[in-house]
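First the structure, in the form of structure tokens, and then the observations on it.
The values are calculated or read from the model by the stated rules, or taken from the named source; none is laboratory data. Values in this document were obtained by computation on a predicted structure and should not be read as measured data. Don't worry about glycine lacking a Cβ; one is built from the backbone with ideal geometry, like all the others, and counts go over all protein chains shown.
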Amino acid sequence: MEHAYLGVDVGSISTKGVIIDKQNHLLASQYIWTQGNPIGAVKELVGLLEGQFDKGAHQIVATGVTGSARKLVGAILGATMVKNEITAHAVGTTTFYPDVRTILEIGGQDSKIILVENGVAVDYAMNTLCAAGTGAFLSSQAKRLGIEVEEIGDYALRSTHPTQIAARCTVFAESDLVHKIQMGHPREDIIAGVCNAVAANYLNNVGKGKKIVSPVVFQGGVSKNKGVVAAFERTLGCEVIVDPNGHLMGAIGAAILARRGGARQAFDFDLVDMDFRTREASCGGCSNHCEIICVYRGDQLIDSWGNRCERGAGAH
Amino acid sequence: MAEAKTRSISFPRYAEYNCAFRYIVEQALDCRYVMPPALTRRTMELGTRYSPDFVCTPFKTILGSMIESLEAGADTLLMTHGLCRLGYYGELAEQILRDLGYQFDFINLSDYDMDKKKEYIRIVRRFNPRVNPARFLAEFMVGLKMVEYLDELTAQYYQNCGFDAMDGAYRRAWQDFLTAMYTAHSRADVENGYRTARRAFQSTRLDKPKRPLRVGIVGEFYTAMDAFSNLEVEQKLADMRVEVHRWMNVTNQFLRYGSGQKNLRVKIRDLCRYDMGPTSTANIWYARECAERGFDGIVHVKSAACTPEIDVMPVLQNISADYKIPVLYLTYDAQTSDVGLMTRLEAFYDMIHMRKKVF
């Protein structure tokens, strides 16, 4: 039986999962919405992956988890590797594009830029304190304009004269946008303007001071938006590569990291039927009131975190 | 009778320097010192509630700490002067606290001309008119010595604690040292505490590779040094087995280079021509120093809305490009969750770790 590796990336908006073999071929992959329920999303994801996976031919021997819910999901899946999403994206992308020099990534709530030289990341930046120009902004504006977020790209490409929209801050961009709508700008032009604003915002904030060198790979959920891709190509003046699996790259990177890491733990799909719940305990040991999160499988405590000193150790 | 008039003085929490404030107040000024409680989430809640929205985070922390000092029985608050907005913070904090109805005496160093020696005597007399000048001077110097020891051992601690091979002995030695400083009553206590800690550091076996990862910390004066405010960024990095270096501390900034920053200014004149704030010159100089000494990375720490440090960032970007050294920029607000910070630090560690193997 061949070895296989599971990679899961649980983001704020979407949950991604892949199963790869030793040659990095995708044996199964799935992309679903997190909908504010990471535990439910992971259970659903694992169920869907199970349907695509041939258990007779392969056996999952290691599990890698990344994304903002990696700690929680790592505890539930019994992961052998829990990695931050920046490293996971860098590793995933450099595996498939060894020559890449710049990785642009825009997800639901965060955006990052990774500069690569000789196949290793040499510098990165990530948005701080502000989620301007991320997928969440695009989807809320799509809702306002009454279209599906998946259609934004097609609308944008139909525009010949994109509307200027302030790119500095999501709040200002939004009021600018409302103003332009009420002035009578056509919908295509406004949508193209929003896409340009996302690209400009990204380059002005996250990409500030970073030298963007070709080849450029663009990934994360927003890379599926052709309007933003076109805006990046126009601004950067070079080709922007979007991998068909770009939205899965974090999960693929997590699976590769799990394979490279030494730890091995066979993975069963039976957790779909298990009951997981979390409980927040507030420690009363001092006035800091640490919020301790406890994760239970059934009635059994499997992990906890959030505690900052030994006084809270007994709080759960 | 004299007892009744003795002031109960407090100064907001600031990294671990309160042990020296306490020593100077009790031994040199012969007053009572009210130790503000350790900074917690409650401090930040109080500070944030009564602060203007767009003030920088240290103001919120300081205000919260002042309120907790007053609750603990302080009747006199001391506030420092400063070269950025900090210079106005005393006035602002006093007004906010008076509006909240607190009764206290406020000694704001911004009200004095700190360039004149005579003014120092006026300040001392205001704390305690019956102070003995000879004793004051002698004990004040012990307090400064304590600051120097503290800074020296803090630097040593963060450079080595990640490589402790004796199950936390390094950390325990460090905590014992802090306890000794917080309870010192005499010069002998300070010297003994220092010597004991040095001996303990030296006798702790370290498991350090020949070329460990080295990271330099630069940034805003309060947030870069105060572990609560920067969510223990130094400890977190050190725990990943990194040598953490920080030049910025009270000793280097005031005691050794107080007026000598001119030298630093000359050293960085090819990078920038003006002082851009209280710490910009030192930060730029030290960032380049780290780059030239072959460090693996630089972490820039600042609170949100700290204008002088925002001005430093473009220069750091130039240093990063010239010397090919990655810089991680961290901005802190009154947040309490360190999940986002951990993501960035882990990624930074992975990056400098992998890149060291290749380059």
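Structure data summary
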{"quantity": "Some residue of region B:55-70 being over 27 Å from B:Gln253 (Cα atoms) and surrounded by fewer than 17 Cβ atoms within 10 Å (Cβ to Cβ)", "calculated": "no"}
{"quantity": "Considering residues of region B:2-39 that are without any contact (Cβ under 8 Å) to a residue 40 or more places away in the chain and within 14 Å of chain A (Cβ to nearest Cβ) only, the residue surrounded by the most Cβ atoms within 10 Å (Cβ to Cβ)", "calculated": "B:Pro36"}
{"quantity": "Residue list for region B:198-223, filter: of a type in the set (D, E, K, R) and part of a helix (DSSP H, G or I)", "calculated": "B:Arg198, B:Arg199"}
{"quantity": "From A:Ile252, A:Ile256, residue being within 14 Å of chain B (Cβ to nearest Cβ), within 24 Å of B:Asp350 (Cα to Cα) and surrounded by 16 or more Cβ atoms within 10 Å (Cβ to Cβ)", "calculated": "A:Ile256"}
{"quantity": "Single residue of A:Val228, A:Val216 found to be at pLDDT 95 or above and more than 15 Å from the chain's Cα centre (by Cα)", "calculated": "A:Val216"}
{"quantity": "Only one of B:Leu150, B:Leu92, B:Leu97 that is crowded, with 16+ Cβ neighbours inside 10 Å, of a type in the set (A, V, I, L, M, F, W, C) and within 19 Å of the chain's Cα centre (by Cα)", "calculated": "B:Leu150"}
{"quantity": "Hits in region B:307-335 (condition: at the interface with another protein chain (Cβ under 8 Å from one of its Cβ atoms), under 30 Å from A:Cys290 (Cβ atoms) and touching a residue at least 40 places away in the same chain (Cβ under 8 Å))", "calculated": "B:Leu330, B:Asp333"}
{"quantity": "Checking A:Ala136 against (1) of a type outside the set (S, T, N, Q); (2) surrounded by 24 or more Cβ atoms within 10 Å (Cβ to Cβ); (3) assigned to a helix (DSSP H, G or I), the condition it does not meet", "calculated": "(2)"}
{"quantity": "Residue satisfying condition, being among the acidic types (Asp, Glu) and farther than 19 Å from B:Leu345 by Cβ, within set A:Glu117, A:Glu105, A:Glu85", "calculated": "A:Glu117"}
{"quantity": "Which listed residue is touching a Phe, Trp or Tyr at 6+ places or on another chain (Cβ under 6 Å) and either closer than 18 Å to B:Ile9 by Cβ or assigned to a helix (DSSP H, G or I) (or both), from B:Leu97, B:Leu78", "calculated": "B:Leu78"}
{"quantity": "Set B:Ala282, B:Ala291, B:Ala304, B:Ala347: member being under 30 Å from B:Phe254 (Cα atoms), aliphatic (A, V, I, L, M) and within 8 Å of chain A (Cβ to nearest Cβ)", "calculated": "B:Ala304"}
{"quantity": "2 or more residues under 30 Å from B:Pro314 (Cα atoms): qualifying helices (runs of 4 or more DSSP H) within region A:152-256", "calculated": "A:170-183, A:187-205, A:226-236"}
{"quantity": "Contacts under 7 angstrom Cβ, first residue in region A:39-63 being on the phi > 0 side of the Ramachandran plot and of a type in the set (Asp, Glu), partner outside any helix (DSSP H, G or I) and buried (at least 17 other Cβ atoms within 10 Å of the Cβ), 6 or more apart", "calculated": "none"}
